[in-house]
Amino acid sequence: MLITKPYNRTNAVEYARRWAFSRNPLYTDYTGKGGNCTNFVSQAVYAGSCTMNYTPVFGWYYLSDAERSAAWTGVVYFYNFMTDNTGPGPFGREVPVEETEIGDVVQLARDETGYYHTLLIVGYEGEIPLLAAQSDDAFNRPLSTYNYDTARFIHIDGVRMRIPDVSDCFDSLINGVAILPE
């Protein structure tokens with residue numbers, strides 16, 4: 001059974017503050033290998049959600065460099081996961097900039113190449129989002145200082161997590177089957 005819990009925006013921003021100018025040794029650094037921006041934002045969103053989605057191919061997870069989903073590190077895949085996710089993990093929707101909050105995500109595009117950069121909203125200067133990013137490390141950098149043609153904004157609506165169903169426990173117990181922790 002899935003339940004929905006709030007996304008902890010403060011934790012996401014605090015994670016970004018802590019790691020914007022350095023690298024968390026728990027994760028591979030993709031700077032110079034295609035970019036670390038989406039990996040960094042995924043880490044921050046994970047800090048605010050504490051729930052991954054281990055669905056093969058279309059999930060959102062990181063166990064190691066060799067065991068990760070495309071959505072964890074790929075700009076377009078991240079967007080597709082966040083806006084289409086109906087399973088465990090964070091989920092959201094594309095919104096106008098006016099509907100964003102801290103902890104939400106911005107993706108930038110150039111007309112010739114499409115979406116290329118993922119950033120985390122960590123504050124506002126008036127109505128202008130202030131962003132945290134890696135590859136080009138930044139914290140509190142105004143969106144207006146970036147060179148792009150199009151921006152899209154992903155509002156994280158919440159986090160779904162799986163909880164055991166009572167019938168799962170009962171069926172195991174009644175049939176004498178061991179119940180193993182998840």
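The values are calculated or read from the model by the stated rules, or taken from the named source; none is laboratory data. Source: prediction; values computed, not measured. Neighbour counts are summed over all protein chains in view; Cβ atoms, including those assigned to glycine, are modelled from backbone coordinates with ideal geometry. For the accessible areas, the whole protein counts, side chains as well, though only heavy atoms, and no ligand, DNA or RNA atoms are used. Shrake-Rupley method; radii C 1.70, N 1.55, O 1.52, S 1.80 Å.
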*Among the residues of region 33-45, is any assigned to a loop (DSSP other than H, G, I, E, B) and more than 16 Å from residue 107 (Cα to Cα)?*
yes
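Listed here are the residues, each with its yes/no results for (1) touching a residue at least 40 places away in the same chain (Cβ under 8 Å); (2) surrounded by fewer than 18 Cβ atoms within 10 Å (Cβ to Cβ); (3) under 20 Å from residue 8 (Cα atoms).
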position: 26; (1), (2), (3): no, yes, no
position: 36; (1), (2), (3): yes, no, no
position: 53; (1), (2), (3): no, no, yes
position: 57; (1), (2), (3): no, yes, no
position: 70; (1), (2), (3): no, yes, no
position: 74; (1), (2), (3): no, no, no
position: 77; (1), (2), (3): no, yes, no
position: 96; (1), (2), (3): yes, yes, no
*Of all residues making up region 116-141, the number that are assigned to a strand (DSSP E or B), under 17 Å from residue 102 (Cα atoms) and either open to solvent by 30 Å² or more (accessible area, probe 1.4 Å) or among the polar types (S, T, N, Q) (or both)*: 7
*Within region 108-124, work out how many residues are over 20 Å from residue 159 (Cβ atoms) and polar (S, T, N, Q).*
1
*For region 152-160, state whether one or more residues are assigned to a strand (DSSP E or B), without any contact (Cβ under 8 Å) to a residue 40 or more places away in the chain and within 18 Å of the chain's Cα centre (by Cα).*
no
*Of the residues that make up region 98-109, is at least one more than 14 Å from residue 145 (Cβ to Cβ), open to solvent by 10 Å² or more (accessible area, probe 1.4 Å) and in a strand (DSSP E or B)?*
no
*Give region 79-94 a look and list any residue that's assigned to a loop (DSSP other than H, G, I, E, B) and crowded, with 16+ Cβ neighbours inside 10 Å, or say none.*
85, 87, 88
